[in-house]
1. Could you run the Debye sum over the Cα atoms of segment 155-311, one equal point scatterer each and no solvent, and tell me log10 of I(q)/I(0) at q = 0.09, 0.17, 0.19 Å⁻¹, two decimals?
2. Which value at 222 nm does the chain reach when only helices count, each DSSP H run of 4 or more adding -39,500 (n - 2.57), with the total divided by all residues and rounded to the nearest 500 deg cm²/dmol?
3. Setting aside same-chain residues fewer than 8 positions from K396, which aspartates and glutamates have a Cα under 18 Å from its Cα?
4. Go ahead and set up a Gaussian network model of the chain, Cα springs under 10 Å, then flag whichever of E337, E322, E47 fluctuates most.
5. For segment 78-194, what is Rg from Cα atoms divided by 2.2 N^0.38 Å, rounded to two decimals?
6. Cross-link partners among aspartates and glutamates for K209, C-alpha distance below 13 Å, same-chain residues fewer than 8 apart left out?
7. Taking amide H positions as placed in the peptide plane 1.01 Å from N, state which residues far from R355 in sequence (5 or more) or on other chains have amide H under 5 Å from it.
8. Run through the DSSP bridge list for segment 327-430 and note the antiparallel percent, rounded to the nearest 5.
Amino acid sequence: MAKNIQAIRGMHDLLPDASPLWQTLEDRARGVLESYGYSEIRTPLVEMTELFKRSIGEVTDIVEKEMYSFTDRNGDELSLRPEGTASCVRAVIEGGLLGQAQRLWYRGPMFRHERPQRGRYRQFHQIGVEVFGLAGPDIDLEVVLMTRRLWRALGLGGLRLEINTLGSGEERSAYRAELIGYLERRSDRLDHDSRARLYTNPLRVLDAKHPDMAEVIAEAPSIFDHLGPDSRDHFDALCAGLDAAGQDYRVNPRLVRGLDYYNRTVFEWITEDLGAQGTVCAGGRYDGLVEQLGGRPTPAVGFALGLERLVALLEQSPPRLEPRVHAYLVAVGSAAEARALQVAEGLRDALPRLRLMCNCGGGNFKNQFKKADRSGAVFALVLGDGEVERGTLQVKPLRGEGEQAEVPLTEAAKYLAQRIEAEAVTATARGPKPT
């Protein structure tokens, strides 16, 4: 017997029982983003490798170690996208969208060849936001408050906001030089990864997780000593806006992002409930990236949400989900079987949001009711030859409360809509199902 082919390590199937939670997350996220006037953009999964080398940085771990890169049949160097911002920037430049401010969002899979662990996979999914053409701290504040609104929409609590500023490009360069000098004098105390990053990406040393690095990081110089008036005013205005909005936050001068293109505002939303992979949302400002990739100088800010991590949080306290199937149509008898699909299509026409599954493959009443129960349907709709003759339909609750009722087919859609709405209200009052 041939050996079964397995999924690639770190890349997972999303099976039907798991998809409703993902759909709820994606639907609520889309609702929040659209309520702020953001438009969806979709970009290819595969891009020219040069795009990521120029945007993320050739000496970053992502480009050096983690990208899925290959040469195609035309000899082009291509990569599966490891993040969404660079693709979005390329798309707005190529599409000629930079003549006015753009508020965009995207979702989809990203790919990095990392060591798989909880909350970190080789194929992972993000929802991201990118804003182009707005330079002030007010848009930085908007994107942070928009994420807060999403946590509320999902019923998630306990997320901690940390913010920092990396200053302008010139200020960051001056700080970088001072930081390298500080670390050189303590090179014997650096861990292996920090020594490797000392000259290529020294700000990432501030993000080192090795416990022996804690004292070195704590005593490192601060970016705030290198900020000019404009960068200070920008950051102070963001903090004032968060204060006015009643949002708690922590200024973390050691917060850096793993990508070279960030400047000024950076932020992360962090949870203590997912172990080492506690960052569920991260972003910031990247005012130089559009020009770096060939476009006109354009200020920009954005963030990305890690969907696997958010789903893991939702699994701990799941929201009440929409039933996968509202109703299951049971049909027994030659006349009923001949009429069943016609009845079902009529109900779907009348109730576009109805989730209705029809029995197929025959079977007696008992077997069909077993299928109805296994489907998870809230109601069974029973159509027998007698109901066809009388022009009626039986509506039988499979879950929740209420009595079975026989209703005229002409009234079935209206009646079913009322019963589904009433059951949804009752289910909400009962609260989420226990996990």
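We did not get these values from a lab; they are worked out from the coordinates using the rules stated. In this text the structure is predicted, and so the values were computed from the model without any measurement. FYI the Cβ positions are ideal-geometry reconstructions off the backbone, even for glycines, and counts take in every protein chain you see.
1. -0.32, -1.13, -1.33
2. -11500 deg cm²/dmol
3. D373, D385, E387, E406, E411, E421, E423
4. In the Gaussian network model the winner is E337.
5. The reported ratio for this selection is 1.39.
6. K209 reaches D191, D193.
7. Residues meeting the criterion, in which the H sits 1.01 Å from N, are H326, A327.
8. Taking every DSSP beta bridge with both residues in segment 327-430, the antiparallel ones total about 45 percent.
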